[in-house]
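Structure, as structure tokens:
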Amino acid sequence: MKNFSRKFRENASGLWCLLIVAGIFIYLGVVMGAANMINTIMHTAHDLLLNTVFYLMAICVLTGALGQILIEFKVVKLMEKLLRPLMRPLFNLPGVASLGAAMTFLSDNPAIITLARDKRFASYFRKYQFISLTNFGTSFGMGLLVIIFMIGQGYYWEPFVGFLGAVVGCIVSTRLMQRSVIKAYPKYRDEWAAELPLEHPEQEEGPVTKSTFIRILNAILDGGKNGVDVGLAIIPGVLVISSMVMILTFGPGAGGAYTGAAYEGTELLPLLAGKVNFIFDWLFGFQDPHLVAFPITALGAVGAALGLVQNFITQGWIDGNAIAVFTAIGMCWSGYLSTHTAMLDSLGYRELTSKAIFAHTIGGLCAGIFAHLAMLLISIL
């Protein structure tokens, strides 16, 4: 009996996986028809690859090249010096943390971990501050990409309102994480993250021997290559997550019939969101329940969430308020569910993952609420 119980527990995860996957496909097949379901999945993924992923990849290449140029010519260091006075009063972090914000804004969440692994950088932080870098850096991940994408959709100032919302969300998430860490581990308030002295003399940089043209060329090529890597990295999220979310968001084709065309679906998410849409309307100003698909998708991958926007615009569900809220939530959350565990594990604090996720969930909600309230204030003025 004990052996049977042990074997059942060992196979339980596999059984649950089969039941969930089978349940999803049975539900879709019953509503849409098996053939239409398969055709819709394939056509949706194919269209997303051609018309969304390659568009996002092009933006990644351009922003990657721009970001590398800014790094090569010390603009990032200048930004770090300008932002340094804001770090302590806003985020309760040392001034050098502003370098992490600039790096993640130009690239992606894991850039903050690259910096954190440098003991010289880590030595400026108490342990509770050091752990909160996961929340701090994630709040700005892929920020440049999100803003440029929204501008490319014809919205020129709304994304910057969303950026301010992301900053507010970052403040909430970072400080909430710091409080949680201190509450769980009071000793981290005083312990340093690295055993090095606080003050370090600036290292003198050697003379630059390369010409300006070569430096620009190398920066463009290296940054563009990094952009291609990011573009390739978002393909699974866009194709898998966005395809599933769209099938659960959109309805049947023209005339109410399923034909197997791309972007047909069962409208399950809007149906569920419609039951409590007054909450999303009150918090974010969402006038259509379909829009809730963006924040849900942004939990796992902001690139996949951006893949929804063009179709929302085509359907006429988007307005300036939605763009501001999308930017705020997309930047602040930026797929934190799929990165927080790996980031904290890399820092050596895996056991604090649940606290980081909870704090960042609250931060993202605050980011969206602030963006909505700011848009309301602007509309009144």
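The values are calculated or read from the model by the stated rules, or taken from the named source; none is laboratory data. None of the values given here were measured: they were computed from a predicted structure. With ideal geometry, Cβ positions are generated from the backbone for all residues, glycine too; neighbour counts draw on all protein chains shown.
A few comments on the model shown:
- Search result, residues across the stretch 172-192 that are touching a helix residue (DSSP H, G or I) at 6+ places or on another chain (Cβ under 6 Å), under 19 Å from Tyr124 (Cα atoms), surrounded by fewer than 22 Cβ atoms within 10 Å (Cβ to Cβ) and of a type outside the set (Ser, Thr, Tyr): Ile182, Arg189, Glu191
- Those helices (runs of 4 or more DSSP H) of the stretch 16-100 in which 3 or more residues are polar (S, T, N, Q), touching a residue at least 40 places away in the same chain (Cβ under 8 Å) and out of contact with any strand residue (DSSP E or B) (no Cβ under 9 Å at 6 or more places or on another chain) occupy 34-48.
- Taken as a whole, the stretch 120-142 holds no residue that is within 24 Å of Ile216 (Cα to Cα), among the small types (Gly, Ala, Ser), buried (at least 24 other Cβ atoms within 10 Å of the Cβ) and touching a residue at least 40 places away in the same chain (Cβ under 8 Å).
- Residues of the stretch 47-85 satisfying the condition of being over 23 Å from the mean Cα position of the chain (by Cα) and farther than 16 Å from Leu144 by Cα: Glu72, Phe73, Lys74, Lys77, Leu78, Lys81, Leu82, Arg84, Pro85
- Selection count where residues are of a type in the set (S, T, N, Q) and more than 20 Å from Thr44 (Cβ to Cβ), scope the stretch 216-249: 2
- Of everything listed in (1) assigned to a helix (DSSP H, G or I); (2) free of Cβ contacts under 8 Å to residues at least 60 places away in the same chain; (3) under 23 Å from Leu306 (Cβ atoms), the single unmet condition for Tyr156 is (1).
- Within the stretch 329-344, considering residues that are in contact with a helix residue (DSSP H, G or I) (Cβ under 6 Å, 6 or more places away or on another chain) and within 21 Å of Leu291 (Cα to Cα), the one surrounded by the most Cβ atoms within 10 Å (Cβ to Cβ): Cys332
- Lone unmet requirement of (1) more than 28 Å from Glu72 (Cβ to Cβ); (2) surrounded by 13 or more Cβ atoms within 10 Å (Cβ to Cβ) for Phe278: (2)
Quick grid of which residues meet (1) β-branched (Val, Ile, Thr); (2) modelled with pLDDT of 85 or more; (3) in contact with a helix residue (DSSP H, G or I) (Cβ under 6 Å, 6 or more places away or on another chain):
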residue	(1), (2), (3)
Leu232	no, no, no
Leu268	no, yes, yes
Asp288	no, yes, no
Thr314	yes, yes, no
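- Among the candidates Leu347, Leu269, residue that is surrounded by 18 or more Cβ atoms within 10 Å (Cβ to Cβ), farther than 18 Å from Leu144 by Cα and without any contact (Cβ under 8 Å) to a residue 60 or more places away in the chain: Leu269
- When Ala304 is tested against (1) out of contact with any helix residue (DSSP H, G or I) (no Cβ under 7 Å at 6 or more places or on another chain); (2) crowded, with 24+ Cβ neighbours inside 10 Å, just one condition goes unmet, and that condition is (1).
- Residues that are of a type in the set (A, V, I, L, M, F, W, C), within 16 Å of the chain's Cα centre (by Cα), at pLDDT 80 or above and closer than 17 Å to Arg84 by Cα, drawn from the stretch 97-142: Ala101, Ala102, Met103, Phe105, Leu133, Phe136, Phe140
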